[in-house]
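Contents: one structure, followed by commentary.
None of the figures in this text is laboratory data; all of them are computed from the coordinates on show. Not measured: the values here are computed from a predicted model. Here the Cβ positions follow ideal geometry from the backbone for every residue, glycine too, while neighbour counts run over all protein chains shown.
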Amino acid sequence: MRPLALASGLIALGAAAAAQDLPVLTIYTYDSFVPDWGPGPAIEANFEETCGCDLQWVAAGDGAALLSRLRLEGERTEADIVLGLDTSLTAAAKETGLFAPHGIDPSGLSLPVAWEDETFLPYDWGYFAFVHRTDLENVPGSFEELAASDVSIVIQDPRSSTPGLGLLMWVEAAYGDGADAIWQGLSDNIVTVTPGWSEAYDLFLSGEADMVLSYTTSPAYHLIAEEDDGFASAAFSEGHYLQVEVAGMVAGTDQPELAREFLEFMLTPGFQDVIPTTNWMYPAAGGELPDGFDTLTVPETALLFPADEAAGRREEAIATWAGALSR
Amino acid sequence: MIALEGLEVTRGRFRLALSLDVAKGARLALVGKSGAGKSTLLDAVAGFLKPQAGRILIDGRDVTGLPVAQRGISILFQDGNLFPHLDVTGNVALGLPASRRRSGSAEVADALKSVGLDGYGDRRPGDLSGGQQARVALARILLQGNPVALMDEPFASLDPTLRAGMAGLIADLAGRTGLTIVMVTHDLRGLDDLVTDIALLEDGQLAVSGRAADLRADPPEALKPWL
Amino acid sequence: MGRRPQPIARAGPGLAATGLVLGLTLLPLVAVALAAEAPGRLGPPDVAAIRFTLVQAAISAGVSCVLAIPVAQALARRRFFGRQALVTLMGAPFILPVIVAVFGILAVFGRAGIASDMLAAIGLPRLDIFGLSGVVLAHVFLNLPLAVRFLLAGWQRIPAERLRLAASLGFGPAEMRRHFHLPLLREVLPGTFAAIFLICTTSFAVALILGGGPRATTVELAIYQAFRFDFDLGRAALLGLTQVLICAVAGIAVLRFALPRDLGAGLDRVPPDWPGLGRAAGIADRAVIALAGAFLLIPILLVALRGVTEIVGLPASVWAAALRSILLALASTALAIALALSIAALPRELNGGAGIAAFLGIAVSPLVIGTGLFILLRPFASPEALALPVTGTVNAIVALPFILRGLGPALDAARATQGRLAEALGLSRWQTWRLAYLPRLARPLGFGAGLAAALSMGDLGVIALFSVSGNATLPLEMYRLMGSYRTEDAAGAALLLMALSLLLFWIFDAWGRRNDRA
């Protein structure tokens, strides 16, 4: 009797220890992903239902900060997955050699462009766009119309923010060598340049500018969360540049299987359905979109540089931008 | 020279009420315990406090409502007599009317000589001892040429040897210029040559007053501890 | 047995405190430089950024100082009901989180601000402050309170007896100016100018939001860019070194130009009415106080109005962050005070150098400090464990120079008076501090502690680099709200942040003044 009791006791003890010692999956992401109102908590709950693991979010500023944190930590990083880089950063991220191929078939993706990156896997995307209130008159239909108009805009700095860099790439993709002329034309429309998206959007909401660089999905927030249909995005005839947000698996992870399991989970409804009304972007492998998303402007042309080309053009594009706006 | 007629000054709960005459050329020492009203009296005569009742006359002129500077009074403060950013000459020259401050260097030099600070003109107050600073202030009072001087504890920060020297200097200068002096002090010892009159304040009232010589010869009981 | 004057304290703690400050500002810089793969190089855009930084900082500091002169003068020579409350409230912009201050400014002077609305109502064009003018306007808004406080403290140090002397000598306005005002300005202004100049050299958000474009690139933005997008640690370290050099040059300039402090020991007698003051001056003073009050308080009021309806419905995480921020601010304040007392108690010959070292805390980029500390400490502990301690320590160091500024003169004065008494009584060092010095230091300590607490409360600083999901501070939580479209909640959080900063400041400051005469 006694040995049996001891044995069952040990088993019980072991089970308790196992419950506490669940494998931990550490995911680095950007700040706005993790708050109660962000996508993080729901995704964590959904994944933990099936993974038998403990998912821990580590928030580190914005997308660019995320990458520099990873570079600072190098191979000692505790991250198993980095989630929240965008295509303007992936070339630099790949260059660090810190990421492993995701090994997942991208055929389930519903992006407006083909996806061939073997290291990074998209989880959501959106079109950059200028958002305005619906009472704005003479909404411009292209960069050229915008430059010719006296509509005021507030944009983000490409040297400190990913949307800012996205706008730069947008103009590059649409105009190539003509970018300089467009920026010169826009310079009198630009009220100011902010360090990040948040400040720009707040300036726009405070009435400091007629339009703000954001996403075609931004009006959905006001419509769904605030029941305010007074916002829209301007459709530009040049097409709209894409922001594709991606995740990648850290090569040195001690949980490679769990990490891959998460990347697979990332393209399932347990992740994807959370995205539209928390991150206010299009899900990358989306099923049904919530009511309200059908009212959004859908650009006819999607623009996107391959990651290498985006990285290669960046320095010169920033110099062109700074030069045109300093004149 | 100074006449206080039915003077009443209140400061919070404290009330000073007295009448007092100070003859021309007299050198009156105000004594009394802390809180007896010595400083209040000095402030009222100087014009830093407005009396509730009574009149203050200086040389027969009613100065009760006049600003400090128009009362014909020079003041030696217990501390803070000099401007640290001005040298000794600059500080003493403040005793002259504004129009003569630039041209009055000879007068300043004379005044410094008479307080024994010949050649100290370009020193800064910070480089002087406490006794020297007091003498610089005295030189300024000389140049001001007012008939009355108020002195708040002029010997408080001086050691006994300096104290005797300073007392002698004030007596000498006052004797030569006929200056009338009211000084607050807590110790009359060693001031025999300087002090001609004594007034003892108790709780805002004048308890004893009279010629120093008389009071020393036959001191009232209340004054004995002060002599 | 010969008696030498007893030193006020052992130099040990003060030297250790100075060492800590130097270590926490310079070591991170070294760490960043060593982590760089290639030596840094400054390109033409960096040189332009340095030039713009210096120009805007100099103009901002100059305008702040010049405007502070009439305001401090008016406040110093007027006694009116609510004066103390007004002085405290007018200090508020300095302790506001920068982003909140910027939106307050825009609520008044922006295109959609009330000043523009008023102009539009009478048919004039709306204001356009974006550009250098906006940067300077915001910096003046943020730093004018500091300049006013420094000058006002100078005015209040004037012994009452010296004012009596002026009254007895019949000083008119010109003489008051010559013998009181100008010496005071030469004593206080160089240090004030330098402090504000240095604060403005590390300005990031103000220059970027209100600067209007890439012309307004500051060194701090260049550092941010080097860290974030280029990952060029060598360049970041060089730019950080530039900031240290700017600080050193400014510090040496202050020591050369400033008049030494006037240690006139007053007897705390009631000051007379201000000598040489006419009716016109009285009207001018009132107008100056009203204008300055409106400039400093209306933006704050508008921020409050914007947030007041939102504050009740704030998410629970915001309240948790608020509590965390309060505790962090208190810990940071305790550390700052301990450091300041140790440094202030150093012997005179060491004191000046330590004071300049303390200024490094505001001159060196928080990004460089944060990143450097991250590199240094990462091998020993996880960022999660470090986030709050590091943030608290860095905040303490940022507040240090401001505390020292008030503490130094008060301690000198106490040394000159009660110090001698304590020595005569043969008190131990501890008793001397407790009985003789600390009571005299209550006012600067209370003010300094309030400043430290409020600055820590509002600082976003290094937490962003270390933070994980569970330990956000209130400013970080506010940024997260802004980053998720929740601008209304963010407005509520901004009000909460502002109210808590002010409250902490007010509690400490009131403690310091509890024994003041009315």
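Using a simple spin-label model with points 7 Å from Cα along the Cα→Cβ vector, what separation in nm is obtained for C:Met118 and A:Gln56?
Spacing of the two 7 Å Cα→Cβ label points: 5.5 nm.
How crowded by other chains is B:78-90, given as the mean number of beta carbons from other chains within 10 Å of each beta carbon?
Per residue, the average neighbour count from other chains is 5.
Using mean Cβ contacts within 10 Å as the protection proxy, how do C:242-250, C:379-387, A:141-149 order, highest first?
Ranking, from highest mean packing down: C:242-250, A:141-149, C:379-387.
Can you list the DSSP H helices in chain C whose Cα atoms extend at least 30 Å along the helix axis and whose mean Kyte-Doolittle hydropathy is 1.0 or higher?
C:11-35, C:44-77, C:132-157, C:233-257, C:279-308, C:316-344, C:383-414, C:487-513
Given the options B:Leu128, B:Leu94, B:Leu112, identify the residue whose Cα lies farthest towards the positive end of the charge dipole of segment B:86-145 (+1 on Cβ of Lys, Arg; -1 on Cβ of Asp, Glu).
The residue sitting farthest along the positive end of the dipole is B:Leu94.
For segment B:1-66, how big is Rg over Rh, using alpha carbon atoms and the Kirkwood form of Rh?
Rg divided by Rh gives 0.94.
Working from Cα positions, state the angle (0 to 90°, nearest 10) between the long axis of helix A:63-73 and the longest principal axis of chain A.
Helix A:63-73 and the main axis of chain A meet at about 50 degrees.
Among the lysines, which fall within straight-line cross-link reach of B:Lys33, defined as a Cα-Cα distance under 17 Å, with same-chain neighbours fewer than 8 residues apart omitted?
Cross-link targets: B:Lys224.
Can you spot the aspartates and glutamates whose alpha carbon is less than 16 Å from B:Lys50's alpha carbon? Ignore those fewer than 8 places along the same chain.
Those aspartates and glutamates meeting the cut-off are B:Glu5, B:Glu8, B:Asp62, C:Asp273.
Go ahead and estimate [θ] at 222 nm for chain A from helices alone: -39,500 (n - 2.57) per DSSP H run with n ≥ 4, summed, over the residue count, rounded to 500.
-11500 deg cm²/dmol
About its Cα centre, what dipole magnitude does the protein assembly as shown give when the only charges are +1 on Lys and Arg Cβ and -1 on Asp and Glu Cβ, stated in debye to the nearest 20?
That gives a dipole near 8400 debye.
Let me check the size of segment A:235-327 from its C-alpha atoms; what are the radius of gyration and Dmax in Å?
Over segment A:235-327's Cα set, Rg and Dmax evaluate to 18.0, 54 Å.
Rounded to the nearest Å, what's the spacing between the alpha carbon centres of segment A:173-211 and segment A:16-89? Just the number, please.
One Cα centre to the other: 32 Å.
So how do A:Ser160, C:Ser365 line up by other beta-carbon neighbours within 10 Å, fewest first?
A:Ser160, C:Ser365
Could you work out the pair-distance distribution P(r) of segment C:1-134 from its alpha-carbon pairs, with 10 angstrom bin width and percents rounded to whole numbers?
Taking every Cα pair in segment C:1-134, the percentages come to 8, 16, 24, 26, 15, 8, 2, 1, 0.
Rounded to the nearest 10 degrees, what's the angle between the helix A:2-20 long axis and the longest principal axis of chain A, both from Cα atoms, 0 to 90?
10
Sticking with the crude label model, points 7 Å out along Cα→Cβ, report the distance from A:Val24 to C:Val87 in nm, one decimal please.
It is 5.1 nm.
Rule-of-thumb check for segment C:85-134: C-alpha Rg over 2.2 N^0.38 Å?
1.34
How many nm is it between the label spots at C:Leu297 and C:Trp319, if each spot is 7 Å from the Cα in line with the beta carbon?
For the pair C:Leu297/C:Trp319, the computed spacing is 3.1 nm.
What dipole magnitude, in Debye to the nearest 20, does segment B:86-145 give about its Cα centre under +1 on Lys/Arg Cβ and -1 on Asp/Glu Cβ?
160
Once you average over the residues of C:176-186, how many Cβ atoms of partner chains fall within 10 Å of each Cβ?
Mean number of neighbouring Cβ atoms from other chains: 2.
Can you tell me the mean projection area, over all orientations, of the convex hull of segment B:2-111's alpha carbons? Units nm², please.
8.7
What per residue convex hull volume, in Å³, do the alpha-carbon atoms of segment B:86-145 yield?
Spread over its residues, the Cα hull of segment B:86-145 gives 63 Å³ apiece.
According to the Kirkwood expression over distinct Cα-Cα pairs, how big is the hydrodynamic radius of the protein assembly as shown, in Å?
33.1
Using Cα positions and a limit of under 19 Å, work out the aspartates and glutamates in reach of B:Lys113, with same-chain residues fewer than 8 apart set aside.
Those aspartates and glutamates meeting the cut-off are B:Asp87, B:Asp122, B:Asp127, B:Asp172.
Give the order of B:Val92, C:Val87, C:Val71 when sorted by the count of other beta carbons within 10 angstrom, beginning with the fewest.
C:Val87, C:Val71, B:Val92
Just counting partner chain Cβ atoms within 10 Å, what average do the residues of peptide A:150-162 show around their Cβ?
If you average over the peptide's residues, the count of other-chain Cβ atoms is 3.
In µm²/s, what is D for chain B at 37 °C and 0.692 mPa s, where D = kT/(6 pi eta Rh) by Stokes-Einstein and Rh is the Kirkwood radius from Cα pairs?
Rounded, D is 182 µm²/s.
What is chain C by shape, rounded, prolate or oblate, if you read a ≥ b ≥ c off the alpha carbon gyration tensor as root eigenvalues and call it rounded for a/c under 1.5, prolate for a/b larger than b/c, and oblate otherwise?
Since a/c reaches 1.5 but b/c is at least a/b, the shape of chain C is classed as oblate.
Grab the alpha carbons of chain A, take their convex hull, and tell me the volume per residue in Å³.
144
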